[in-house]
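*Asks:* One structure, as structure tokens, below. Some questions next.
The values are calculated or read from the model by the stated rules, or taken from the named source; none is laboratory data. What you see is a predicted model; the values in this text were computed from it and never measured. For neighbour counting, all protein chains shown are included, and Cβ atoms are generated from backbone atoms with ideal geometry for every residue, glycine included.
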Amino acid sequence: MLGFIVRRLLVSIPVLFVVSLCAFFLIHSAHGDPAMAMYGSQLEKMRAEDQARIRTNLGLDQPIIIQYGKWLGGALRGELGRSYMDGRDVGEVIMSRLPNTLILNTAAMGLMLGLATVIGMTAAVRQYSWFDYISTFLAFLFYSIPSFWLALISILVFSVSLGWLPSAGISSIGGEGGLMDRLEHLVLPVFVLAVSHIGSYIRFVRSSLLEVLSQDYMLLARAKGLTSRQIYFTHAFRNALIPVVTYVGMSFASLIGGGYLIEAVFAYPGLGQLTIYSAATRDYPLLMGAVLLTGVFVVIGNLLADILCAWLDPRLKLEGSERRIAAHG
Amino acid sequence: MYMSNAYKRICLLLTAIFLLSMLALAGCGKQSNSPAVSKTDPKTIVLGIENETEKLNPLFTDDHDDAIFLIFSGLTRFNEKNEAVPDLAESWEISPDQMMYTFKLRKDAKWHDGKPFTADDVKFTIDQALNKQNNTEINYRFEEIKEVQVIDANTVKIILKSPFPTLLNVMSSGMLPKHLLDGKDINNDSFNSNPVGTGPFKFAEWKKGQYMILTANKEFYRGAPKAEKIILKQLADPNVRAVQLETGEIDAALIDPMQVDRLSKVESLKVSRMTTADYRVMMYNRKSPLWQDVKLRQALNYAVDREAMVKGVLLGWGKPAYGPLQESWADNPSVNQYDYSPDKAKALLAEAGYKPGADGILAKDGHKLSFKITTFAHDPVRVAFANALSTQFKQIGVDAIPDPRERGSFNIGDVETFLLGWGSPFDPDDHTYRLFHSSQIGKWNYQNYKNDKVDVLLLKARQTADRSERLKLYSDFQTELANDPAFNFLAYLDVALVTNKKLSGIKERVLGHHGAGYIWNVEEWSKE
């Protein structure tokens, strides 16, 4: 097991290298440059000569391969450079936002997965029942509601009309209020983020379980005389969760940038807003840092998914950790 | 069985739609009795801002950024009429040839860390602005300065390369403390997120992406501000700024004109229309052979219904434009304003030799009258202007194609026409010499405009001290600019400022672009 994890982490090094190489060249081939972005909306007020001067100061006049070499050299020493926009260390900027993003997204993912699993499985077990129809309808409804719209409506209802919850931010200004204050500010963004993803997951869980239920071994289990409870809990659910876990692992990385709209509406200082902003302002060092972090999340997400799948299904022995044992039927 | 399922589904659908619409109604219906009093502390003013400052350092802003404006101050400041008046400098003398400015500094001004403000700081600030290693965009302001001499701790002499009346405007730039920044890398120094200035408010705390807290500078040389604290809250989404005004979580913010109707119904709020000097034009780039013919430019100026554009594109939040100095003391309203007249436009086009082709598009010598209106794709207002122009030009047989492009993907000086934004509420020299003098071709004169009369007038106006003489020169300049148009002037933009009624002391003045400067007299603001 440990050997497997170490090997997987070693394989991820070239993966991250290729990611950084592609990202660097793609980012630098986009139109616009950081000097221009400094001027914001009235770009025409900056002279060409000042743009050129600032480009030179930032080292952007050098061949791109040299720029990449410099960046890579720094990255290997753990230095991701300084943000063009505010001059702070990129690692520091990202770390100041990462906890916020992780809290918001893990809470939303947890809520969403829990609900989606229960609803999706119930719907599959009771296929074509009232419950199935309601959940299918709601799944499509939530899937088609734009998240920013839901966010605005929920602010109007819960903050403006009812006055129950704060409309934006992560805490009251000045930090007074402590844990309860933080939690109050989390309710709306977590709710909206969970609801905006739950539709597709409900459908996914449902069809995954239906697929399992139609397998021959389900028929065998019934023929053996197992109770419905035993069939579902010991055989069906576990197997149905495997594709779901893989899917969650793959989308783990979207935790970073996926919440952008929600973050913007709720003025939530997370990585999504930071990444979009750094792209818009051509803040290359910051954008590279964010891309690299996304790469790390992809690697970790897939690794976790593999480990979890192996635990769910003992037939899927972790590759290379032990000799493959023939599936027992 | 099948029927009953379908029936159930329809019932469900209707129930769900009903429930959701109830939810939406709950949201809309209760607006008027929402808790719309100011929730913030009476000694604290909370401002909602769209974009956070990047670096809290006056070297890195060309607009008067709110936070920087509160923390820093300059030798001069702008009064209600946007004229430069004494601030850190208590007085100044200008040599008769307009080449030498001697500033007497206040003796009671201190940095927020208690150190006295001196002439060395002035020299240091100008040197840093001109230092090519600094990624500042305000260097151009000081380029006419030949030398800065520190006479004594409270006297500084600035010697110019050529007369430059805008110097008094330029000296409103915030001063930097030499004792904290000497020898440092100003681009990346931690000063930029923990600044020390001389302004009415001191920097206290900054939660990036959330808010910044500033506290009153009790020892401010112009008197302590009335409010004890100012909080700048970053709310990128205009809808959320509107909501927070309504709930009383913020006291003032600039909002999108789309929100005005809604917010003007909220009893606790006041909506103000603020005039700006920020205008939009279609620039005729003289590089294109089309625009060599003055009659064509004049014809297109007549072909624009500016009233309709203000209504359609700006939702009424603006006014028709006819010149670059409409919001200045130097305005000359008696120039040809090119009132909408398709007939005059057609007559001029005919005089210029254009005849309608088979497809209804005008043509001359086998060339169709067709051009692109290039603009920044990220600015919806400019794109809307380009589209509106295209429609209006089509009516007189001119084929103008809107061409929104990503910024940085083209050079403004290379396109046929460009939907340009410019304007400044300050000294008329600032935004006329740079834009229309032929010496600025390749710099800010993107349209490659060269008119000898204009050159002479603009140069003379910057070398003249007497205001009535300058007024005459600028009047003549505007007449000439209207006769030989460099631009097709479209509109000046207004901005909507919403404040809680509890907030008092707000004074209006003509603002810069994006409504920059509405907090210009913030030290007089208070809440009951």
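*Asks:* Could you say which residue among B:ASP278, B:ASP331 is within 21 Å of the chain's Cα centre (by Cα), among the acidic types (Asp, Glu) and surrounded by fewer than 21 Cβ atoms within 10 Å (Cβ to Cβ)? Full working, then the answer.
*Replies:* Details: B:ASP278 fails: surrounded by fewer than 21 Cβ atoms within 10 Å (Cβ to Cβ).
Unique residue meeting the criteria: B:ASP331.
*Asks:* Kindly indicate whether B:LYS132 is surrounded by fewer than 23 Cβ atoms within 10 Å (Cβ to Cβ) and in contact with an Asp or Glu (Cβ under 9 Å, 6 or more places away or on another chain). Spell out how you get there, then give the answer.
*Replies:* Details: surrounded by fewer than 23 Cβ atoms within 10 Å (Cβ to Cβ): yes; in contact with an Asp or Glu (Cβ under 9 Å, 6 or more places away or on another chain): no.
Spelling it out, it is not the case that B:LYS132 is surrounded by fewer than 23 Cβ atoms within 10 Å (Cβ to Cβ) and in contact with an Asp or Glu (Cβ under 9 Å, 6 or more places away or on another chain).
*Asks:* Under 9 Å between Cβ atoms, at least 6 apart or on separate chains: pull out the pairs that start in region B:374-386 with a residue that is without any contact (Cβ under 8 Å) to a residue 40 or more places away in the chain and more than 10 Å from every other protein chain (Cβ to nearest Cβ) and end on any residue that is among the aromatic types (Phe, Trp, Tyr) and surrounded by 19 or more Cβ atoms within 10 Å (Cβ to Cβ).
*Replies:* Matching pairs, first to second residue: B:VAL383/B:PHE376.
*Asks:* Same structure again: Give A:LEU76, A:LEU43 a once-over and let me know the one that is at the interface with chain B (Cβ under 7 Å from one of its Cβ atoms) and over 20 Å from B:ILE186 (Cα atoms). Give the derivation first.
*Replies:* Numbers: A:LEU76 fails: at the interface with chain B (Cβ under 7 Å from one of its Cβ atoms).
When all the criteria are applied, what remains is A:LEU43.
*Asks:* So in region B:141-195, with the set limited to residues that are in a helix (DSSP H, G or I) and free of Cβ contacts under 8 Å to residues at least 40 places away in the same chain, which one is farthest from B:LYS443 (Cα to Cα)? Steps first, answer last, please.
*Replies:* Let us first name the residues in region B:141-195 that are in a helix (DSSP H, G or I), namely B:141-142, B:167-170, B:178-181, B:190-193.
Pick out the ones that are also free of Cβ contacts under 8 Å to residues at least 40 places away in the same chain and you get B:141-142, B:170, B:190.
Working: B:ARG141: 13, B:PHE142: 15, B:VAL170: 19, B:SER190: 33 Å.
The extreme case among them is B:SER190.
*Asks:* Tell me, please, whether a residue that is surrounded by 21 or more Cβ atoms within 10 Å (Cβ to Cβ) and either more than 29 Å from B:GLU249 (Cβ to Cβ) or small (Gly, Ala, Ser) (or both) can be found in region A:148-156.
*Replies:* Within region A:148-156, one or more residues are surrounded by 21 or more Cβ atoms within 10 Å (Cβ to Cβ) and either more than 29 Å from B:GLU249 (Cβ to Cβ) or small (Gly, Ala, Ser) (or both).
*Asks:* A further question follows. Could you check region B:381-414 and list, in sequence order, the residues that are part of a loop (DSSP other than H, G, I, E, B) and buried (at least 16 other Cβ atoms within 10 Å of the Cβ)? Lay out the reasoning, then the answer.
*Replies:* In the first step, residues of region B:381-414 are kept if they are part of a loop (DSSP other than H, G, I, E, B); the result is B:395-398, B:406-411.
Within region B:381-414, B:ILE396, B:GLY397, B:VAL398, B:ARG407, B:GLY408 qualify.
*Asks:* Among the helices (runs of 4 or more DSSP H) contained in region A:130-236, which hold 2 or more residues that are β-branched (Val, Ile, Thr) and under 20 Å from the mean Cα position of the chain (by Cα)?
*Replies:* On the way: elements: A:130-144, A:147-155, A:178-213, A:216-223.
So the answer is A:178-213.
*Asks:* Name the residue, out of B:ASN483, B:ASN445, B:ASN521, that is out of contact with any His (no Cβ under 8 Å at 6 or more places or on another chain), in the same structural domain as B:TYR340 (by TED's automatic domain parsing) and either more than 15 Å from B:ASP278 (Cα to Cα) or buried (at least 17 other Cβ atoms within 10 Å of the Cβ) (or both).
*Replies:* The match here is B:ASN483.
*Asks:* Residues that are within 10 Å of B:SER172 (Cα to Cα), away from chain A (no Cβ under 14 Å) and in contact (Cβ under 8 Å) with a residue 24 or more places away in the chain: list the strands (runs of 3 or more DSSP E) wholly contained in region B:62-112 that include at least 2 such residues. Walk me through it before giving the result.
*Replies:* On the way: elements: B:76-78, B:84-86, B:89-94, B:100-105.
Result: B:76-78.
*Asks:* Okay, next question. Is it the case that some residue within region B:311-318 is closer than 22 Å to B:PHE477 by Cβ and either touching a Cys at 6+ places or on another chain (Cβ under 8 Å) or in contact (Cβ under 8 Å) with a residue 60 or more places away in the chain (or both)?
*Replies:* Checked region B:311-318: no residue is closer than 22 Å to B:PHE477 by Cβ and either touching a Cys at 6+ places or on another chain (Cβ under 8 Å) or in contact (Cβ under 8 Å) with a residue 60 or more places away in the chain (or both).
*Asks:* Any residue at all in region B:125-134 that is touching a residue at least 24 places away in the same chain (Cβ under 8 Å), more than 25 Å from A:GLN51 (Cβ to Cβ) and away from chain A (no Cβ under 14 Å)?
*Replies:* no
*Asks:* I would also like to ask the following. When A:ILE66 is evaluated against the numbered criteria (1) in a helix (DSSP H, G or I); (2) at the interface with chain B (Cβ under 7 Å from one of its Cβ atoms), which criterion, by number, is the only one it fails?
*Replies:* (2)
*Asks:* Name the strands (runs of 3 or more DSSP E) wholly within region B:196-264 that hold at least 1 residues that are facing chain A (nearest Cβ under 10 Å)?
*Replies:* On the way: elements: B:201-207, B:211-216, B:229-234, B:252-255.
Per the criteria, B:201-207, B:211-216, B:229-234.
Here is a yes/no grid of residues against (1) closer than 30 Å to B:GLY366 by Cα; (2) modelled with pLDDT under 95:
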| residue | (1), (2) |
| --- | --- |
| B:THR276 | no, yes |
| B:LYS287 | yes, yes |
| B:ASN301 | yes, no |
| B:ASP305 | yes, no |
| B:LEU315 | no, yes |
| B:TYR322 | no, no |
